[in-house]
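The values are calculated or read from the model by the stated rules, or taken from the named source; none is laboratory data. Treat the numbers as computed from the prediction; the structure is a model and nothing was measured. Don't worry about glycine lacking a Cβ; one is built from the backbone with ideal geometry, like all the others, and counts go over all protein chains shown. Just the protein is used for accessible areas: all its heavy atoms, side chains included, with ligands, DNA and RNA removed. Shrake-Rupley method; radii C 1.70, N 1.55, O 1.52, S 1.80 Å.
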Amino acid sequence: MAFRKQNMSLKKKFVADGLFKAELNHLLQKVLAEDGYSGVVVRRTSNKTEVIILATKTQNVLGEKGRRIRELTSLVQKRFGFEEGGVELYADKVQNRGLCATTQCESLRYKLEGGLAVRRACYGVLRYIMDCGAKGCEVVVSGKLRGQRAKSMKFTDGLLIHSGEPVNQYIDQAVRHVLMKQGVLGIKVKIMLPHDPMGKLGPKIALPDNVIISEPKEETLPEKPYSDAKYQKQQPTEPVPAASAAVSMA
């Protein structure tokens, strides 16, 4: 594979790494859709590549006695042309599934495939996301919802930003497609993460327009009035008489 070459330019290396991660994410998304797949993290070292699979059901990803994770490792190794032992797959559990847009999108997809009403399913997902500590969320479902004419329904709650650099850090979004009898439904879930100084549940960097109002300081009232004399006026020196100066010189 091209991304395994060592003598490529830096620009081509970044493009190849992005293609590798996108194709790997698409592959795992299809294979692990029912196991709560939420994303993938790729770490490269000098001698091997580590792939960390984020999912809500890590035991299903590992399989019985680690059989399934070994099968996925062999599949990725053959597909992308890694050497023997050049790639290792790990499974990690999502800390808060209510703040993961991919997990909630998959949950909504299974609810709609099970025959649940669109409005009831969306409000259930919306309520669960806000109960898990999100600052805001938005769920959009478009397609043939009832009749033959396609339309879209949008459900929002809380605060949601749409522009600026903080969108790249605070907004987590996912898109899925549901194959129904009447046609294809499109699902989009956007979640605004909360600010976390530790960086576990949300970004460390606070919003640029965030204003913190401090509590007023306690003032001790004086017992009796007083005044602070900061600058004291110097007393003018009296000039020495000329006669006394002459006597002293004599």
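With every protein chain kept in the model, how would you rank K11, K154, K181, K188 by accessible area, 1.4 Å probe, largest at the top? Before the final figure, lay out the partial values.
Working: K11 160, K154 135, K181 210, K188 85 Å².
If we order K11, K154, K181, K188 from most to least accessible, we get K181, K11, K154, K188.
Helix-derived [θ] at 222 nm for the chain: sum -39500 (n - 2.57) over DSSP H runs of at least 4, divide by residue count, nearest 500?
-10000 deg cm²/dmol
Antiparallel versus total DSSP beta bridges in the chain: what percent is that, nearest 5?
Of the beta bridges lying entirely in the chain, close to 80 percent run antiparallel.
Between the stretch 135-176 and the stretch 17-75, how many Å separate their Cα centres?
If we compute the Cα centre of each part, the gap is 27 Å.
Which FRET efficiency, nearest 0.05, do N25 and K217 yield, Cβ-Cβ r, R0 41 Å?
So the FRET efficiency works out to roughly 0.20.
Among 82-94, 124-136, how do they line up by average Cβ neighbours within 10 Å per residue, starting with the highest?
The most tightly packed comes first, giving 124-136, 82-94.
Nearest 0.05, what FRET efficiency do L75 and N210 give at R0 = 41 Å with Cβ-Cβ as r?
Taking R0 as 41 Å, the efficiency between L75 and N210 is 0.35.
To the nearest 20 Debye, how big is the dipole of the stretch 74-156 about its Cα centre, given +1 on the beta carbon of each Lys and Arg and -1 on that of each Asp and Glu? Could the numbers behind the result be given before it?
Values: 15 positive and 8 negative charges, 180 e Å.
Roughly 860 debye, rounded to the nearest 20.
Provide the percentage of antiparallel DSSP beta bridges, counting only those with both residues in the stretch 44-158; round to the nearest 5.
55 percent
As an exercise, take the mean of 1/r over every pair of distinct alpha carbons in the chain, invert it, and state the Kirkwood radius in angstroms.
One over the average 1/r among Cα pairs gives 23.4 Å for the chain.
Ordered by residue, what ³J(HN,Hα) values in Hz, to whole numbers, does the stretch 178-189 give under the Karplus form 6.51 cos²θ - 1.76 cosθ + 1.60, where θ = phi - 60° and Gly and Pro are x?
These are the phi-based 3J(HN,Hα) values: 10, 8, 9, 5, 7, x, 9, 9, x, 10, 10, 10 Hz.
Quote the relative contact order of the chain in percent (integer), defining contacts as alpha-carbon pairs under 8 Å separated by 6+ residues. Kindly include the intermediate steps, with their values, before the conclusion.
Working: 334 pairs, mean separation 31.2, N = 250.
Averaging sequence separation for qualifying contacts and normalising by length gives 12 percent for the chain.
If packing is taken as the average count of other Cβ atoms within 10 Å, what order do 166-178, 207-219 fall into, highest mean first?
The densest-packed peptide leads the list: 166-178, 207-219.
Could you list which residues have their amide H under 5 Å from that of A91, counting only those 5 or more apart in sequence or on another chain, with H placed in the peptide plane?
Here I53 satisfy the definition.
Which angle between 0 and 90 degrees, to the nearest 10, do you get for helix 118-131 versus the longest principal axis of the chain when only C-alpha atoms count?
Roughly 40 degrees between the two axes.
Name the residue from I187, G18, A91 whose Cα lies farthest towards the positive end of the charge dipole of the chain, charges +1 on Cβ of Lys and Arg and -1 on Cβ of Asp and Glu.
I187
Give me the percent relative contact order of the stretch 1-110, please, defined on Cα pairs under 8 angstrom at least 6 residues apart.
The normalised contact order for the stretch 1-110 reaches 25 percent.
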